[in-house]
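The structure appears right after this line, and notes come after that.
The values are calculated or read from the model by the stated rules, or taken from the named source; none is laboratory data. Here the structure is a predicted model, which is why all the values come from computation and not from measurement. Glycine gets a Cβ as well: all are built from the backbone with ideal geometry, and neighbour counts include every protein chain shown. Surface accessibility is based on the protein's heavy atoms, side chains included, excluding ligands, DNA and RNA. Shrake-Rupley method; radii C 1.70, N 1.55, O 1.52, S 1.80 Å.
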Amino acid sequence: MKGVVSTALLTFVTYIIFTGSITPYDLVTGAVVAIVIGLLVGKFLVENDAKALNPLRWFWSVVYFVWYFLVAEVKAHLDVIGRIITGNFEPGIVKVPLKVKSEYARTLVANSITNTPGTVVVDVDENYLYVNWINVTTENPEEAKKEICEGFEKFAERIFE
Amino acid sequence: MSILLTLGAILILTGGICDLFGAIGLLKFPNFYVRLHAATVGTIGGAAVPLFGVTLLALGTDIPNKEAIAGASLITGMIILLVAPAGATALAYAAHKARIIEWKPKTDQLKEARK
Amino acid sequence: MISLLWSVTIVSLIVTLIISVYGIAAKPNLVKKLIALTIFGDTANVLVVLLGYRVIYPVKPPILPVWKESALQSFLNTAVDPLPQALVLTAVVIGMAVNILIAFAIIQIYRIYGTLDVREAGRFLPNLLRRGE
Amino acid sequence: MKRLIGLIIILTITLGVAYYVSQNLTPQKSLHPLGKFYLKNSYFGDYSAKSPEAVTSIVWDYRGLDTLFETAVFFIAIIGSLTLFRLSKEQSEEAKQGEPKRELPEPVCAVTKIIVAMILAVSASIALHGQLTPGGGFQGGSALAVAPLLIIAAYSKYALEKNGLDKTRAIIIRSIGLLGIALTALTPLLVKGYFMQNQPIFPGKALGAPLGGSLVYYNLFEYLAVGAGFTAVFLLLSIPEEKFRKFLGVKQ
């Protein structure tokens, strides 16, 4: 039965927001759909229910979302738009060491890197991310990490580890 | 009310500008790996941000069923935020594995690691 | 001006229909025939939906916004005709079912005979059938 | 350049004809009387389906028989496709042999898991609100079929079959959906109604929202049937090409 409650909660919230109204009909059908989907796919999604339902982690993910959109995305977009105008780039694939171990934390870091324009994750293995970087300034993994994913990993640790 | 409307309109305008620059970048950049970055400008700045803008804009007006429009665009934006990086990673991974793209990178540490 | 735009829409849809019929008839590749067929079906559906459209402002979808008798009159004044939309919904499903069947047949033809060109298939298919294979 | 000339000729002919036609063409501003009847009566009135969405009420109530046969056509098309790709028992066992493996990088697979849950919720919302908002059984079912497609893309089809969703089960779910549609259509006969009758046999309103009588049941069963039918098709299409060539005995 692991993972059923948290998956059902995710599904229920998605259902209600997508529907956009909270008449009893929506609540009842949403609950039924959420329980069915939770029973069907819950065991693949979540390993640990207590971790997934911890409000502190949800708080940190909201903080992360706001910070990410207001700071990281804006910086990266302006940078890449500047490069599009000037045509000044030096692409390459660099290695970035990764500390976090759990699957979702690594996914969060990788997706955050890919979602900021200018860096795309090409492959992931045990300890490293391989990042396609639009302007390689350093080939040293530690320094590259400082420039590419300084903030992401700290938040990923707080949210998922 | 009108604050939400203005904010939403600004976000949608931002999306249009990002789409324009993304398209220019797709035309101007030389090979697949660099074009991928321009495509990211188009998907995040040009698709997810305007959808969030539509959410705010719908909440700011007084049309019937505005919550449904706002909710649907919010969920679509979230799904794009999750799916776009996965798609970009899959494309880049497949292209690198097949070795069909000729480019002169400054450094390719993945190729060294896979040897 | 509006009537010019309206007629441009209709005439360009009809031109698309003609081009897709040409594609069905003239292209030798089976996949290209299928693509032309889907274009034909979709264009016909858009034409039917256009029959129910009303060139007025504001124009609204056929969904009752407020469930009150008093809202009915303004709803009737602004909503588009729902009947063509419902018929197109039926037509879309049937068209898609036919497309699935044709696509599977094309895949199987390619697997067995190794060609998608109807001219080539036409050359050796009669012989194969005569031999009872 | 040669292609451009053809394009320019077509464009000029189109615009010329459009200009000629537009001189004595008035865009239509009024409703057809039949459309007016449906708009008026889909929620209020004597011949009511009690659904605010006029299109769904036409599709499953006023013109329900059309839609019943349309579903039958769809069902027969899928059966026909399965017949074209039919395999013997040993062959379909062999087609299932294979290990689920993760070929794509880790983030793609993790995202797939979350997206599958979200897409299932969204598709259920589309299908269950067919009588209130645009959408309905077919649209919801199409969205539902995206979920197995994503799993096939990220993990391969063997992952689906290992966890119990193989072709036979998909066909069974599809048949349950069709059976549900048939039973909902036959229910009014039990209480001296006529075939596919909607009001006043099914409850028109429940839990604070209009149900549209039988529309919500039709939508639900159509959702299951279409989603499972597409899943069966996708499972068949994702059998590796070499295996299929071997079954057919074709060497190329």
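Odds and ends about this structure:
- Restricting attention to the range C:34-58, the residues that are open to solvent by 50 Å² or more (accessible area, probe 1.4 Å) and touching a residue at least 60 places away in the same chain (Cβ under 8 Å) add up to 1.
- Where B:Thr40 falls short, out of the listed (1) more than 8 Å from chain A (Cβ to nearest Cβ); (2) under 21 Å from D:Thr112 (Cα atoms): (1)
- Condition met for C:Asp117 (farther than 29 Å from D:Tyr62 by Cα and among the acidic types (Asp, Glu)): yes
- Selection over the range A:126-140 of residues that are over 12 Å from B:Asp108 (Cα atoms), facing another protein chain (nearest Cβ under 8 Å) and open to solvent by 10 Å² or more (accessible area, probe 1.4 Å) gives a count of 1.
- For B:Asp19: the one exception among (1) open to solvent by 50 Å² or more (accessible area, probe 1.4 Å); (2) modelled with pLDDT under 90; (3) part of a helix (DSSP H, G or I): (2)
- Applying the criterion of being surrounded by 19 or more Cβ atoms within 10 Å (Cβ to Cβ) and facing chain B (nearest Cβ under 7 Å) to the residues of the range A:90-109, the residue that is farthest from B:Phe29 (Cα to Cα) is A:Lys95.
- Scanning the range C:74-88 finds one or more residues that are open to solvent by less than 50 Å² (accessible area, probe 1.4 Å), closer than 30 Å to B:Asn65 by Cα, within 16 Å of the chain's Cα centre (by Cα) and without any contact (Cβ under 8 Å) to a residue 24 or more places away in the chain.
- Applying a threshold of 6 Å to beta carbon distances and a minimum spacing of six or more residues, or different chains, the list of pairs starting in the range C:10-30 at a residue that is over 20 Å from C:Val49 (Cβ atoms) and ending at one that is at pLDDT below 90 reads C:Pro28/C:Asp117; C:Pro28/C:Val118; C:Pro28/C:Arg119; C:Asn29/C:Leu116; C:Leu30/C:Leu116.
- The one condition in (1) out of contact with any Pro (no Cβ under 7 Å at 6 or more places or on another chain); (2) at the interface with another protein chain (Cβ under 9 Å from one of its Cβ atoms); (3) of a type outside the set (Gly, Ala, Ser); (4) not in a helix (DSSP H, G or I) that D:Val122 fails to fulfil: (4)
- Single unsatisfied condition, D:Glu106 versus (1) open to solvent by 20 Å² or more (accessible area, probe 1.4 Å); (2) within 30 Å of D:Leu248 (Cβ to Cβ): (2)
- Of the numbered criteria (1) outside any helix (DSSP H, G or I); (2) within 27 Å of A:Thr86 (Cα to Cα); (3) more than 9 Å from every other protein chain (Cβ to nearest Cβ), the one B:Ile100 fails is (2).
- Subset of the range B:91-112 [crowded, with 20+ Cβ neighbours inside 10 Å and under 15 Å from the mean Cα position of the chain (by Cα)]: none
- Residues located in the range B:61-79, provided they are more than 10 Å from chain A (Cβ to nearest Cβ) and of a type in the set (A, V, I, L, M): B:Ile63
- Residue, farthest from the other protein chains (Cβ to nearest Cβ), within the range A:1-28, restricted to residues that are free of Cβ contacts under 8 Å to residues at least 12 places away in the same chain, in a helix (DSSP H, G or I) and among the β-branched types (Val, Ile, Thr): A:Val13
- Within the range A:59-74, none of the residues are of a type in the set (A, V, I, L, M, F, W, C) and in contact with a Leu (Cβ under 9 Å, 6 or more places away or on another chain).
- Boolean, C:Ser12 is more than 22 Å from D:Leu34 (Cα to Cα) and modelled with pLDDT of 90 or more: yes
- In the range A:50-64, the condition of being touching a Gly at 6+ places or on another chain (Cβ under 7 Å) and either open to solvent by 40 Å² or more (accessible area, probe 1.4 Å) or of a type outside the set (A, V, I, L, M, F, W, C) (or both) is met by no residue.
- Scan of the range D:69-118 for residues that are within 10 Å of another protein chain (Cβ to nearest Cβ) and more than 28 Å from the chain's Cα centre (by Cα), ordered by number: D:Glu103, D:Leu104, D:Pro105, D:Glu106, D:Pro107
- Some residue of the range A:107-116 being among the aliphatic types (A, V, I, L, M), modelled with pLDDT of 85 or more and over 20 Å from the mean Cα position of the chain (by Cα): no
- Against the test of being small (Gly, Ala, Ser), more than 17 Å from C:Trp6 (Cα to Cα) and at the interface with chain C (Cβ under 7 Å from one of its Cβ atoms), the options D:Gly35, D:Gly45 yield a single qualifying residue, D:Gly35.
- Test: residue in the range C:120-132 that is facing another protein chain (nearest Cβ under 10 Å) and either part of a loop (DSSP other than H, G, I, E, B) or not small (Gly, Ala, Ser) (or both): no
- Hits in the range D:51-66 - residues which are surrounded by fewer than 24 Cβ atoms within 10 Å (Cβ to Cβ) and in contact (Cβ under 8 Å) with a residue 40 or more places away in the chain: D:Pro52, D:Gly64, D:Leu65
- The residue of the range D:30-43 that is surrounded by the fewest Cβ atoms within 10 Å (Cβ to Cβ), among those that are assigned to a helix (DSSP H, G or I) and in contact (Cβ under 8 Å) with a residue 12 or more places away in the chain, is D:Leu39.
- With a requirement of 2 or more residues that are free of Cβ contacts under 8 Å to residues at least 40 places away in the same chain and within 22 Å of B:Lys97 (Cβ to Cβ), the strands (runs of 3 or more DSSP E) lying completely within the range A:62-161 that satisfy it span A:119-124, A:128-133.
- From C:Val21, C:Val98, residue being at the interface with another protein chain (Cβ under 7 Å from one of its Cβ atoms), at pLDDT 90 or above, within 27 Å of D:Ser81 (Cα to Cα) and open to solvent by 60 Å² or more (accessible area, probe 1.4 Å): C:Val98
- Selection from the range D:4-29 of residues that are modelled with pLDDT under 85 and either open to solvent by less than 90 Å² (accessible area, probe 1.4 Å) or under 21 Å from C:Ser20 (Cα atoms) (or both): D:Leu25, D:Pro27, D:Gln28
- Verdict on B:Val49 being assigned to a helix (DSSP H, G or I), within 17 Å of A:Asp79 (Cβ to Cβ) and at pLDDT below 90: no
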